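The values are calculated or read from the model by the stated rules, or taken from the named source; none is laboratory data. Treat the numbers as computed from the prediction; the structure is a model and nothing was measured. Every residue, glycine as well, gets a Cβ built from its backbone with ideal geometry; the counts of neighbours run over all protein chains shown. Just so you know, the surface numbers come from the protein's heavy atoms only, side chains and all, with ligands and any DNA or RNA stripped out. Shrake-Rupley method; radii C 1.70, N 1.55, O 1.52, S 1.80 Å.
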Amino acid sequence: MMRSKPQNENSSFRDPAGFIFYRDGTVYRQLNQIYSANYKKLISSGLYNLLVKKGLLISHRESPNNLSPDGKAFQIIKPDMIPFVSYPYEWGFLQLQQAGLTTLKIEKLALEHDMNLKDASAYNIQFVGKNPVFIDTLSFETYKTGSPWVAYRQYCQHFLAPLALMAYNDLRLNQLARPFLDGVPLDLACRILPVSARLNLGLSIHIYWQAKLKADLQAKEGSKTSQIKMDKNALMRLLDNLEETTANLKPRDSSTRWEKYYTFTNYRPTSFEAKKQLVAKMIKRVAPKTVWDLGANDGEFSRLAAQAGAYTISFDFDPKAVENNFAKLSGDNTNLILPLVMDLTNPSPNLGWAGQERMSLAKRGGADLIMALALIHHLCLSNNLPLGHVAKFLAQLGKYLIIEFVPKNDSQVVEMLSSREDIFSEYTETNFLSAFGQYFKLLETKLIPGTVRKLYLFKVDHA
Amino acid sequence: MAGFFYFFVFPINVQAYLDPGSGSLIFQVLAASLISVVYMAKRNWSKLTSLFRKDAQSLSQHDEIKTAKRK
């Protein structure tokens, strides 16, 4: 029987304990011989079952070893699939905070089972809807009595420092995870954080003092690493403090113009309701399994897609809108919505070693349905994008498209253009239909009652 | 017995590929000590202040119960 060639996952190479690979589109994890004792203990101690039961760790099935790409496997496992891969620079504050607290919770439970996490990277966490899940089954090792936590500094860089920056400075600083793939360096965080952050005991210890004393302690540490001892209770207290410091961080109350968008938009309540019903009908017609809601704000329309049973990614470039969306999800039991921060005019690029460790947005693309509601005027007018460019971009992202065209006589557009020169003679409904007609086939048009806006349902058609 | 030798023969973090960062292992020990000190101080402070919050009546009731139990 001919099996297709296996492909190693580009981001999985640092850990000698094993790596991720693909065969025929299925993801597997190889555990090397060096990991055998730890894996056996992970299972026999009951830690694996406990973490999976609590929804903290991704579950897996053991698979035949002949699937191994190099024949050196101790065990092949097949982890459950994550519906959509996302990265820390795409998460809002609450999501990063939940991811950090999950990591600490797992470390504490691991210690109770005489095990330990050997790293605390934010990339060990993936979101399934609103739930953070630890995906690195290789990260567990036997706790060596008396040893400090090797992942402490990494936790501070990946979670504590960026959360502090978002809370004390600005929510937009989540973007620092893009250039700093191993978390925000602590000395940099020190320079940016305001002096008031030092009044927080946890932050002053784990960020300021750790950064300041680095040079002095580095000299003392030298080759004596194996002799540094730390009592287990002391480690637990350190973890408790990290947990408390992480959980107590809260962004300052700063509203952005997008926050009050739905309160102060120019939709009359009846028009807004009518729009929702029209969109819901179009979604039903497409019956998508996956939806990307672009410029989703606080997810009002994403919820319609989720109610229709689609796993919906709710993108918005305003981190505050993403926060509001995520906060509202506590009352949602479909768990089919994942809010993410994304600037469509500058979406997540390929990052990491050889530009291959973290995938660009386009590489993760292919939703059944794209929604671009109340968006096109922001792209074409605020961002000077020609209609043809927008049409081409959207056609690459999915199979169907629901898009709202906002014409120039719409009151919001009139206000947008009031303080600038109107160079947008090309921005008309006729040109819109002609530009999109290059990439799509028009299925349906509906006027939103009480407005000058129209909804269009398109299907990608490369003929 | 084999496990005992394993601990001494092999370096402490044979599988931890992660570089813990210069100085952060010693720092952790120091940080944990400081946190423990603060934690104990907070606990003792609240124990101390709670003694003064009990009013005189409940204190004497408490003493009565104690003497009753001893009999």
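Give the lysines reachable from B:Lys47 as a straight Cα distance under 27 Å; neighbours fewer than 8 places away on the same chain don't count.
Output for B:Lys47: A:Lys232, B:Lys66, B:Lys69.
What accessible surface, in Å², does a 1.4 Å probe find on A:Phe127, ignoring ligands, DNA and RNA and rounding to the nearest 10?
0 Å²
Setting aside same-chain residues fewer than 8 positions from A:Lys459, which aspartates and glutamates have a Cα under 12 Å from its Cα?
A:Lys459 reaches A:Asp368, A:Glu444.
Given 10 Å bins starting at zero, what is the percent of C-alpha pairs of the range A:1-156 in each, up to the one with the largest pair distance?
10, 40, 37, 12, 1, 0
Given +1 on the Cβ of Lys and Arg, -1 on the Cβ of Asp and Glu, and no further charges, what dipole in debye does the range A:258-460 carry about its Cα centre, rounded to the nearest 20?
Here the size comes out at about 760 debye.
Apply the membrane-span-like helix rule to chain A: whole DSSP H runs, Cα extent along the own long axis of at least 18 Å, mean Kyte-Doolittle hydropathy at least -0.5. List the helices found.
What comes out of the filter, once short or polar helices are dropped, is A:93-112, A:269-286.
Would you mind giving the total buried accessible surface between chains A and B, with a 1.4 Å probe and ligands, DNA and RNA left out, rounded to the nearest 100 Å²?
Chains A and B together bury roughly 3100 Å² of accessible area.
How much net charge surrounds A:Leu249 when only other residues with a Cβ under 15 Å from its Cβ are counted (Lys, Arg +1; Asp, Glu -1)?
-2
Under a crude label model (7 Å from the Cα following the beta-carbon direction), how far is A:Ser226 from A:Asp422 in nanometres?
Placing both labels 7 Å along Cα→Cβ, they lie 7.8 nm apart.
Using Cα centres only, tell me the gap between the range A:5-19 and the range A:325-355 in whole Å.
When both Cα centres are located, 25 Å separates them.
If you project the alpha carbons of the range A:165-250 onto their three principal axes, what span does each projection cover, largest first, in Å?
Computed over the Cα atoms, the extents are 41, 26, 24 Å.
Based on Cα coordinates alone, diagonalise the gyration tensor for the range A:120-222, multiply each eigenvalue by 5, take square roots, and list the semi-axes in whole Å, largest first. Can you show the working numbers first?
Numbers: eigenvalues 107, 95, 26 Å².
Working from the Cα gyration tensor, I get semi-axes of 23, 22, 12 Å.
Probe radius 1.4 Å, ligands and nucleic acids ignored: give me the carbon and sulfur share of the accessible area of the protein assembly as shown as a rounded percent. Can you show the working numbers first?
Values: 14430 of 26100 Å².
That share works out to 55 percent.
Could you tell me the ratio Rg/Rh of the range A:7-79? Both radii from Cα atoms, Rh via Kirkwood.
Looking at the range A:7-79, the ratio lands at 0.97.
Skip the ligands, DNA and RNA, and give the accessible area per residue of the range A:371-463 with a 1.4 Å probe, whole Å².
Averaged over the residues of the range A:371-463, the accessible area is 48 Å².
With contacts defined as alpha carbon pairs under 8 Å and 6 or more residues apart, what's the relative contact order of chain A in percent?
On the way: 752 pairs, mean separation 52.8, N = 463.
Value for chain A: 11 percent.
Please report the orientation-averaged projected area of the range A:258-460, defined via the convex hull of its C-alpha atoms, in nm².
Result: 11.8 nm².
Before I look further, what does the range A:88-248 give for accessible area per residue, probe 1.4 Å, in whole square angstrom?
On a per-residue basis, 35 Å².
Please report the orientation-averaged projected area of chain A, defined via the convex hull of its C-alpha atoms, in nm².
Mean projected area for chain A: 25.6 nm², to one decimal.
Using a ≥ b ≥ c from the Cα gyration tensor of the range A:179-226 (square roots of the eigenvalues), is it rounded, prolate or oblate, where a/c under 1.5 gives rounded and otherwise the larger of a/b and b/c decides, a/b for prolate?
Cα axes put the range A:179-226 in the oblate bin.
Is it possible to state the helix-based mean residue ellipticity at 222 nm for chain A, with each DSSP H run of 4+ residues giving -39500 (n - 2.57), the sum divided by total residues, to the nearest 500 deg cm²/dmol? What is it?
-9000 deg cm²/dmol
Considering only DSSP states other than H, G, I, E and B, which trypsin sites (Lys or Arg not before Pro) in the range A:326-427 qualify as loop sites with at most 12 other Cβ atoms within 10 Å?
On the way: sites: A:Lys328, A:Arg358, A:Lys363, A:Arg364, A:Lys392, A:Lys399, A:Lys408, A:Arg420; in loops: A:Lys408, A:Arg420.
Here the sparse-neighbourhood loop sites are A:Arg420.
Can you give the local net charge around A:Leu235? Use residues other than it whose beta-carbon is closer than 13 angstrom to its beta-carbon, Lys and Arg +1, Asp and Glu -1. Don't jump to the answer; show the numbers that get you there.
Working: positive: A:Lys108, A:Lys144, A:Lys229, A:Lys232, A:Arg237; negative: A:Glu107, A:Glu112, A:Asp114, A:Asp231, A:Asp240, A:Glu243.
Surrounding charge for A:Leu235 is -1.
Would you kindly calculate the translational diffusion coefficient of the range A:270-329, applying Stokes-Einstein with the Kirkwood radius from alpha carbon pairs, for 20 °C and a viscosity of 1.002 mPa s, and quote it in µm² s⁻¹ without decimals?
In µm²/s, the coefficient is 182.
Express the C-alpha Rg of the range A:113-170 as a ratio against the empirical globular expectation 2.2 N^0.38 Å, rounded to two decimals.
1.32
Given the pairs A:Lys5/A:Lys399; A:Lys289/A:Lys392; A:Lys54/A:Lys118; A:Lys214/A:Lys250; A:Lys250/A:Lys363; A:Lys212/A:Lys328, which are separated by over 31 angstrom at their Cα positions?
Among A:Lys5/A:Lys399; A:Lys289/A:Lys392; A:Lys54/A:Lys118; A:Lys214/A:Lys250; A:Lys250/A:Lys363; A:Lys212/A:Lys328, the Cα-Cα distance tops 31 Å for A:Lys250/A:Lys363; A:Lys212/A:Lys328.
Assign unit charges at the C-beta atoms only (+1 for Lys and Arg, -1 for Asp and Glu), then state the dipole size of the protein assembly as shown relative to its Cα centre in Debye, rounded to the nearest 20.
That gives a dipole near 1380 debye.
When DSSP beta bridges are limited to those with both residues in the protein assembly as shown, what percentage is antiparallel, rounded to the nearest 5?
Bridges in the protein assembly as shown are about 65 percent antiparallel.
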